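The values are calculated or read from the model by the stated rules, or taken from the named source; none is laboratory data. What you are looking at is a predicted structure, and each value in this text was computed from that prediction instead of being measured. Glycine gets a Cβ as well: all are built from the backbone with ideal geometry, and neighbour counts include every protein chain shown. Remember, those area values only see protein heavy atoms, side chains included, never the ligands or the DNA or RNA. Shrake-Rupley method; radii C 1.70, N 1.55, O 1.52, S 1.80 Å.
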Amino acid sequence: IKEKYSDWTEFLVKELTGSRTAPANLLEGPLRGKNTVDLIVVGCLLEVRDAFEPTMYWAARVQRNIGGRLCLSYVGLNDPAYDMWIFYLDTRLRPLGWAKENNLSMKPPTDLCDLRSSSEWTEALDEATTEALKSPLPLEVFKDHADLPTHSFRAGMKLEMVSPVEPFHICPVSVTKVYNEYYFQITIDDLTSEATPTHVVCHAESLGIVPVQWCLKNGVGLERPQGFESQDFDWADYLKHTGAEAAPDVCFPKASLSRGFCKDMWLEAVNPLQPSELCVARITQVKGRLLWLRLEGLTKPLPDCIVDVESMNIFPVGWCEANGYPLTHLLKTVCLPQKKIAVVQPEKQLAPSQPDAPLNLCSSITTDIGLVNGKYCCSQLFINHRCFSGPYLNKGRIAELPKAVGPGKCAVVLKEILTMLINSAYKPGRVLRELQMVEDPQWNCQEETLKAKYKGKSYRSTMRIVRTADQVSDFCRRVCERLQCCQNLFGPTIVSDKCPENCFSQTKTKYTYYKKRKVGRPSLGENPQDGDMTKPARRRKKRKAIFVQKKRRTSIVGYHTAESPQDSDYYYDDEDEDFEEWGSEASSSSPREEASAPKRGRPPRRAALQRRATHPGPETSDRSSPRRTTRSVSYSQNQTAKNTNTKTESFEEEDRLVLERNPLEWSVSDVVDFITSTDCASLAKIFQEQDIDGQALLLLTLPTVQECMDLKLGPAIKLCHQIERVKVAFYSQFAN
């Protein structure tokens, strides 16, 4: 070591110049070894600068010290309602006696002075000062306070500032008064005549002030001043209108400071509307030196609040735990509205021993609370009802859903949202089936039972839902893709006015495509009677051959020998649903036929009409037959066709529609034009309002039309007849 440097004197001078030794209180005396923050004890006094007058100070007593975050009460006021929270490094805090030494006035706060008489204030101050001088606060507490630099602002200058009243937006402000080289007054711009001005005292390094055009350059919305007539705010017009000048950039030396914060980082932050509350917060965006924070776990969700990167109201993760202070964490609002828990009301009547009885959401979380941690918890998931809802989901019902669900356990939050989407569908069973196909072998999943209620019957389906927070975003995207809707319809991204996917201006064909599928009815876990699974398939084939869409709903007795509809697992048949239109209302079968042959299909509507038009006699005899199958109908048609070929062709020709374009490619306007050209023109407005394009049109059935368009049976049948014509034309011209 001795040979390392030739001149040790020069080395010592170089190394020690400008360095500081440890403070005396750390090395000797009763305060030895204490941190600076620990020197501030409950009951000690400080002087606090007035919020509206920088030359006025008043004494305040420390009620609590949480890691340097102080709860102060003004001397002379014992009401906790007037307590304030402030960090010990704030420039408003000074040691007792500071005002007197610097020839500043010692007066009670401007907004609170009327609560006590002048003599009461003075008496309380003298009493508290005498008591505090017995054990004064060490000056070492203020050794880290930064000296304020001088400012360059002049009265009349305009700038932008995070609103001091509601820190959720940025607004134009004006410099209305300059006190000295350190302090100036800022007033929020309000052009209304009856407005009460909002003032705040600032200095050169005040947080949240940025130059004019900062919002425009950073792509952030600027709040329009109250009373400003123009809807589109422009700084050039506004400065000309007010006759003011913009504060030059030299007044903002640190406008681009970011301190390394990035989007999606987590921290702990003070609730601006409840300063005593600290919440888990996620950074949603970073612009220059401003952060947008989403506070989690609040009973009433707030918009993203805006804070400066050097704000003393944000803390690193774990700060509350380290200082023994309660943190409003993610589990607080998991048990939100309990009325949403029971999706299917009739299921509540099941016996407690039933494995599929609905679990109470709150109780299940209570039992698992010890297992919950950040890995298995997600923040709020948003339902953006303005986004494109796809062919399966009803846009009107989506708009009635809550805007956000969560935060909480990933599987619980996702199950809640999926249940909402299922019950917002035109046909919940179809969505149940689509959701079953959303799966990825790389996901960490758990099985959940989803339920749907449709036409008085309840159905269940098992789906694998992700458990970890890092997979939630991908899961939401895959579900949206499966439902052929906008990828931002639900998920961690909130859409305010315009969707990043630009789904507002696109037709449904941008997101969907026609895929012809032949899907048989899967086994339902029961042993069907012989022939039950083959006859429906043969019946469908016959129907497709004669281009008939109408299908009588097969009685559940034929496929469920030992189950009730309430307990049956739900499987969805594409062809059955696509072809089904009229339901049982348009039936021509007798009750006797329905009772004697529950598994047989009713004859196609067009075939029945043809028989009535050609041979009313045989039709009468057919109606008296106790068992009538599709095969016998086809045979009857083949026999009569030889003699009535001309009449049948003229009958079909009269109602046949010839399409120039594939209806799957129709836009909303094309559908509206078609409906307008029919005798249902008065209903065209409904198609426009519900964004129904060609693909959605082909999915409409009589029950759907009645339920979602609020139509009576007569107009609904009339409309479905026109939709039927499009379907027939589609299958005859384009399906193959």
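Determine whether Val286 is in a strand (DSSP E or B) and aliphatic (A, V, I, L, M). Steps first, please.
Details: in a strand (DSSP E or B): yes; aliphatic (A, V, I, L, M): yes.
Yes, satisfied.
Among the residues of the range 71-88, write down those that are in a loop (DSSP other than H, G, I, E, B) and crowded, with 16+ Cβ neighbours inside 10 Å. If you could, list the steps in order and put the result at the bottom.
Quick first cut of the range 71-88, residues in a loop (DSSP other than H, G, I, E, B) only: 75-79, 83, 88.
Matches in the range 71-88: Val75, Gly76, Leu77, Asp83, Tyr88.
Looking only at residues that are buried (at least 16 other Cβ atoms within 10 Å of the Cβ) and either of a type in the set (A, V, I, L, M) or closer than 24 Å to Ser669 by Cα (or both) in the range 489-508, which one is modelled with the lowest pLDDT?
So, considering only residues that are buried (at least 16 other Cβ atoms within 10 Å of the Cβ) and either of a type in the set (A, V, I, L, M) or closer than 24 Å to Ser669 by Cα (or both), the one modelled with the lowest pLDDT is Lys508.
Hey, could you check the range 106-151 for residues that are of a type in the set (Val, Ile, Thr) and under 30 Å from Lys177 (Cα atoms) and say which is surrounded by the most Cβ atoms within 10 Å (Cβ to Cβ)?
From the range 106-151, those of a type in the set (Val, Ile, Thr) are 110, 122, 129-130, 141, 150; that's our starting set.
Narrowing further to those that are under 30 Å from Lys177 (Cα atoms): 110, 122, 150.
Details: Thr110: 13, Thr122: 15, Thr150: 9.
This residue is Thr122.
Find all pairs meeting these conditions: Cβ atoms under 8 angstrom apart; at least six residues apart or on different chains; first residue within the range 437-451 and more than 17 Å from Ile417 (Cβ to Cβ); second residue assigned to a loop (DSSP other than H, G, I, E, B).
Asn444/Arg467; Asn444/Thr468
How do the pairs read when you match residues in the range 668-679 that are without any contact (Cβ under 8 Å) to a residue 60 or more places away in the chain and aliphatic (A, V, I, L, M) with residues anywhere that are open to solvent by 70 Å² or more (accessible area, probe 1.4 Å) and part of a helix (DSSP H, G or I), using Cβ under 6 Å and keeping only pairs 6 or more apart or on different chains?
Val672/Gln688
When only residues in the range 43-65 that are surrounded by 14 or more Cβ atoms within 10 Å (Cβ to Cβ) and not in a strand (DSSP E or B) count, which is modelled with the lowest pLDDT?
The residue in question is Ala51.
Are any residues in the range 227-248 crowded, with 16+ Cβ neighbours inside 10 Å and part of a loop (DSSP other than H, G, I, E, B), and if so, which ones? Give the steps one after another, and end with the answer.
We begin by selecting, within the range 227-248, every residue crowded, with 16+ Cβ neighbours inside 10 Å; these are 228, 233, 235, 238, 242, 244, 246-247.
Residues satisfying the conditions are Phe228, Phe233, Ala244, Ala247.
Output the residue which, of all residues in the range 175-226 that are β-branched (Val, Ile, Thr) and farther than 22 Å from Val309 by Cβ, is most open to solvent (accessible area, probe 1.4 Å). Talk me through it step by step, then tell me what you get.
Applying the first criterion (β-branched (Val, Ile, Thr)) to the range 175-226 yields 175-176, 178, 186-188, 192, 196, 198, 200-201, 209-210, 212, 220.
Filter once more, so that each one left must be farther than 22 Å from Val309 by Cβ: 175-176, 178, 187-188, 192, 196, 198.
Details: Val175: 3, Thr176: 67, Val178: 62, Thr187: 15, Ile188: 40, Thr192: 47, Thr196: 117, Thr198: 51 Å².
Among those that are β-branched (Val, Ile, Thr) and farther than 22 Å from Val309 by Cβ, it is Thr196.
Thr91 passes all but one of (1) under 30 Å from Asp304 (Cα atoms); (2) open to solvent by less than 80 Å² (accessible area, probe 1.4 Å); (3) free of Cβ contacts under 8 Å to residues at least 40 places away in the same chain; which number fails?
Failed condition: (3).
Which members of the range 700-712 meet the condition of being in a loop (DSSP other than H, G, I, E, B) and either modelled with pLDDT of 90 or more or within 19 Å of Tyr731 (Cβ to Cβ) (or both)? Don't jump to the end; show me each part of the working.
Here is the first cut: in the range 700-712, the ones in a loop (DSSP other than H, G, I, E, B) are 700-701, 710-712.
Result: Leu700, Thr701.
Tell me which residues, restricted to the range 673-688, are open to solvent by 20 Å² or more (accessible area, probe 1.4 Å) and in a helix (DSSP H, G or I).
Within the range 673-688, Asp673, Phe674, Thr676, Ala681, Ser682, Leu683, Lys685, Ile686, Gln688 qualify.
Within the range 36-54, can you find the residues that are touching a Leu at 6+ places or on another chain (Cβ under 7 Å), under 18 Å from Pro23 (Cβ atoms) and among the β-branched types (Val, Ile, Thr)?
Passing the criteria: only Ile40.
Cβ-Cβ below 9 Å, separation at least six or inter-chain, first residue in the range 29-42 and at negative phi and modelled with pLDDT of 70 or more, second hydroxyl-bearing (Ser, Thr, Tyr) and in a loop (DSSP other than H, G, I, E, B): which pairs?
Thr36/Tyr88; Val37/Tyr88; Ile40/Tyr88; Val41/Ser135
Restricting the range 689-699 to residues that are out of contact with any Pro (no Cβ under 7 Å at 6 or more places or on another chain) and either touching a residue at least 60 places away in the same chain (Cβ under 8 Å) or not in a helix (DSSP H, G or I) (or both), which is nearest to Phe730 (Cα to Cα)? Outline the logic, then answer.
First, pick out the residues of the range 689-699 that are out of contact with any Pro (no Cβ under 7 Å at 6 or more places or on another chain): 689-693.
Retained after the next criterion (residues that are either touching a residue at least 60 places away in the same chain (Cβ under 8 Å) or not in a helix (DSSP H, G or I) (or both)): 690-693.
Values: Gln690: 22, Asp691: 20, Ile692: 17, Asp693: 14 Å.
Among them, the one singled out is Asp693.
Could you check, for the range 96-105, whether at least one of its residues is closer than 28 Å to Pro172 by Cα and either under 45 Å from the mean Cα position of the chain (by Cα) or surrounded by 18 or more Cβ atoms within 10 Å (Cβ to Cβ) (or both)?
Taking the range 96-105 first, the residues closer than 28 Å to Pro172 by Cα are none.
No - not one qualifying residue is present in the range 96-105.
Tell me, please, whether a residue that is farther than 22 Å from Val200 by Cβ and of a type outside the set (Asp, Glu) can be found in the range 82-90. It would help to see each step written out before you state the result.
Residues of the range 82-90 farther than 22 Å from Val200 by Cβ: none.
No, the conditions are met nowhere in the range 82-90.
Tell me which of these Glu245 doesn't satisfy, since it passes every other one: (1) at negative phi; (2) touching an Asp or Glu at 6+ places or on another chain (Cβ under 7 Å).
(2)
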